[in-house]
Amino acid sequence: MSLQTELQTLRDQAMTQIDGAQTLNELNDVRVKVLGKKGSLTEILRGMKDLSADERPVVGAMANDVRNELTDQIANKQTELETATLNEQLKSEQIDVTLPGQPAIQGQPHVLQQIIESLEDQFMGMGYQIVEGPEVEQDKYNFEMMNLPKDHPARDMQDTFYISNELLMRTQTSPVQARTLEQHDFSKGPLKMISPGRVYRRDTDDATHSHQFHQVEGLVVDKHITMGDLKGTLLAVAHQLFGEDHDIRLRPSYFPFTEPSVEVDVSWNPVMPDTKPEDIDWIEVLGAGMVHPNVLEKAGVDSSVYGGFAFGLGPDRFAMLKYGVEDIRNFYLNDVRFLTQFDQKG
Ligand code: FA5
């Protein structure tokens, strides 16, 4: 077969392949196969050395024409394929700007977290530090250092989930008192701290009890701290959470780690100057008292120099009172219809 015929055949075949290319990749394969350094056109041109001097320019010119023709055809096909791809993409990514928008649902802190954070803000404003303690606690901190030795009957009221003889799910945030007292350097100033967190008890769940709930512990230790300081602090808390027209009342109580101990009630109805004492409804919200000297001594603090007050309040109960929630279990069911009622943004 003469070179001219070979070139003609190559041209015809290449044209068909270019036309048939479905994708840019396929088109590129054709280009490399025909026009590339090791392509079929180069292969044919190698045979030119055997041609006569007359034939050579004729075949050379024809080879050039074929190359140019194929190059143009490839460029056209490339544009065609690129346009098709772009159109396909535009079609699939079409946006209907007239569709209504989808509102973004923004979360919010859980209502109990809101109560805890507002207490944290208030106490930080009064110069308290916020301390965290472990939920899996040692018997030593949860009970013994809080003046509750192994055989103490008051342990029964806080029966809990034991992990081993010495490790348990803490029943109260009071162990953080012992942990903080041990660490505190009194030469640098008084100790004022609160410690919010989860606590656990083997209580049977009902409308006002949960086996897992929250407490916020408070502890102030310095020289010359009095029961008046405790009452003033708790009154400030009640005012902040419930409003200025709510009062508090301290009733004698018993905790092994405070002496004297009190239970604190908040007036549930507003108290006006002319409200008669018998018309006030009181609701218990927390336990408190003056730190027992044994608790100070066990943590290495000299109880003849230092003294203080402590309290432990239940934010779950605070939230129930503040918002009129009748069943504590609602806080733990995580039903969004319930939780979104306490949207801080209103
Ligand atoms: C204590 O736990 C003491 N550690 C509090 C304390 C601290 C007293 C420092 C003195 C000094 P009590 O068991 O009463 O006390 O619990 C304190 C508060 O936790 C209660 O007033 C109540 O608000 C809340 N509470 C107790 N048990 C439950 C429960 N099962 N579910 C929800 N809240 C509870």
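The values are calculated or read from the model by the stated rules, or taken from the named source; none is laboratory data. None of the values given here were measured: they were computed from a predicted structure. All Cβ positions, even for glycine, are placed from backbone atoms using ideal geometry, and neighbour counts span all protein chains on display.
What to note about this one:
- Looking only at the stretch 297-321, and only at residues there that are away from the ligand (no atom under 13 Å from the Cβ) and either part of a helix (DSSP H, G or I) or touching a Lys or Arg at 6+ places or on another chain (Cβ under 9 Å) (or both), the one that is farthest from N142 (Cα to Cα): V305
- The number of residues in the stretch 273-295 being within 13 Å of the ligand (Cβ to nearest atom) and either in a loop (DSSP other than H, G, I, E, B) or under 18 Å from K223 (Cα atoms) (or both) comes to 5.
- Selected residue [farther than 30 Å from K322 by Cα and modelled with pLDDT of 90 or more] from E26, E120, E55, E43: E26
- Tally, over the stretch 183-214, of residues that are surrounded by 12 or more Cβ atoms within 10 Å (Cβ to Cβ) and farther than 26 Å from S303 by Cβ: 17
- Among residues of the stretch 271-325 being β-branched (V, I, T) and free of Cβ contacts under 8 Å to residues at least 12 places away in the same chain, the one that is nearest to D185 (Cα to Cα) is V325.
- For D335, the conditions (1) of a type in the set (D, E); (2) under 24 Å from T204 (Cα atoms); (3) touching a residue at least 60 places away in the same chain (Cβ under 8 Å) are fulfilled apart from (3).
- The helices (runs of 4 or more DSSP H) falling completely within the stretch 1-115 that include 2 or more residues that are surrounded by 12 or more Cβ atoms within 10 Å (Cβ to Cβ) and under 60 Å from the mean Cα position of the chain (by Cα) map to 3-20, 24-35, 55-92.
- Filtered by the rule that a residue be polar (S, T, N, Q) and surrounded by 10 or more Cβ atoms within 10 Å (Cβ to Cβ), the stretch 319-341 gives N330, T340, Q341.
- Test: residue in the stretch 146-162 that is out of contact with any helix residue (DSSP H, G or I) (no Cβ under 7 Å at 6 or more places or on another chain), closer than 24 Å to R329 by Cβ and surrounded by 17 or more Cβ atoms within 10 Å (Cβ to Cβ): yes
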